[in-house]
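Worksheet: the structure to be examined is printed underneath.
We did not get these values from a lab; they are worked out from the coordinates using the rules stated. Keep in mind it's a predicted model, so treat the numbers as computed, not measured. Cβ placement follows ideal geometry from the backbone for every residue including glycine, while neighbour counts extend to all protein chains displayed.
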Amino acid sequence: MSQAASTTFVTVQTEFYNSGFNYISDNSQTDRAKRWINQSYQELCALEPWPFLKTSTTSTSPASLPTLNRIIYVRDTSTNNKLIEADFDNLTDLQPNLTTTGTAGWYYIDYTAGSPAVTAFPVTTNTLQIVYYQNPVELSADADVLVVPNQFVDVVVLGAMRRAYLDGTDTAQQYQMVKAEWSDRLNFMRTQLLPRPSYQEVSIWPSASTDW
């Protein structure tokens, strides 16, 4: 199915206000609405390894990745070998001097510069291909485009509505209705965008197991 993403921040704001929250805009509290939308947006993107969050880059080590969520793999493009993920502390147990040069066999995430950086060990000048899931950048300008596919942007709006109802009084019923709809739409989004689990059918007859 299509995964086009072209919905802008201002479009989501308008949809939110038109869902019964115009009073927030009328009372000049748009910053609160923007915060709720961003919270819902970040929450949705953090729930699953959505395919629309998958990206890649090529860089020499260390490769700064400010939006890094989770590494899928790191490959040395010269040797065509995938590097093994390593924990910094465990790696220093293996080799205290991480400035040793050579053919890279591992990588670790270094945060010393304040931003995640994929760092190869032994140190190499070869180019790395890094495939990873990214965190979406916070929405700020009205023209900012959500990475969520257009057909599921309503899940972001519903999440913002949940927060708005939590902020109000005498809104318990509306909150429960919106929460249920948000959950239903989220589950549908999972069925459409995530790989279906594979199963194995096991027969009592010899050599008659079948993948399905």
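Give me the extension gain from residue 95 to residue 42: residue separation times 0.36 nm, minus the current Cα-Cα distance, reported in nm with one decimal.
15.3 nm
Let me spell out the model: positive unit charges on the Cβ of Lys and Arg, negative unit charges on the Cβ of Asp and Glu, origin at the Cα centre of the range 80-147. What dipole size does that give, in debye rounded to 20?
I would put it at about 360 debye.
Can you compute log10 of I(q)/I(0) for the chain with the Debye formula, treating each Cα as one identical point scatterer, at q = 0.10, 0.11 Å⁻¹?
-0.64, -0.73
Using the 10 angstrom Cβ neighbour count as an exposure proxy, how do 12, 153 rank, fewest first?
153, 12
Work out the charge dipole of the chain with +1 on the Cβ of Lys and Arg and -1 on the Cβ of Asp and Glu about the Cα centre, then indicate which of 40, 20, 127 is farthest towards its positive end.
Farthest towards the positive end: 127.
Using the number of other C-beta atoms within 10 angstrom as an exposure proxy, rank 9, 88 with the fewest first.
88, 9
Give me the Kirkwood hydrodynamic radius of the range 52-134 in Å, from all C-alpha pairs, to one decimal place?
Evaluated over the range 52-134, this radius sits at 12.7 Å.
What number comes out for the charge environment of residue 132, summing +1 per Lys or Arg and -1 per Asp or Glu over other residues with Cβ under 13 Å away?
With Lys, Arg at +1 and Asp, Glu at -1, the neighbours total +2.
Applying 1/(1 + (r/R0)^6) with R0 = 41 Å to the Cβ-Cβ distance of residue 25 and residue 58, what FRET efficiency is obtained, to the nearest 0.05?
Here the calculated transfer efficiency is 0.40.
Two decimals is fine: what is log10 I(q)/I(0) at q = 0.12, 0.14, 0.18, 0.19 Å⁻¹ for the range 1-81, from a Debye sum with one equal scatterer on every Cα and no solvent?
Evaluating at q = 0.12, 0.14, 0.18, 0.19 Å⁻¹ gives log10 I(q)/I(0) of -0.57, -0.70, -0.92, -0.97.
Using +1 on the beta carbon of Lys and Arg, -1 on that of Asp and Glu, and nothing else charged, what's the dipole of the chain about the Cα centre, debye to 20?
240
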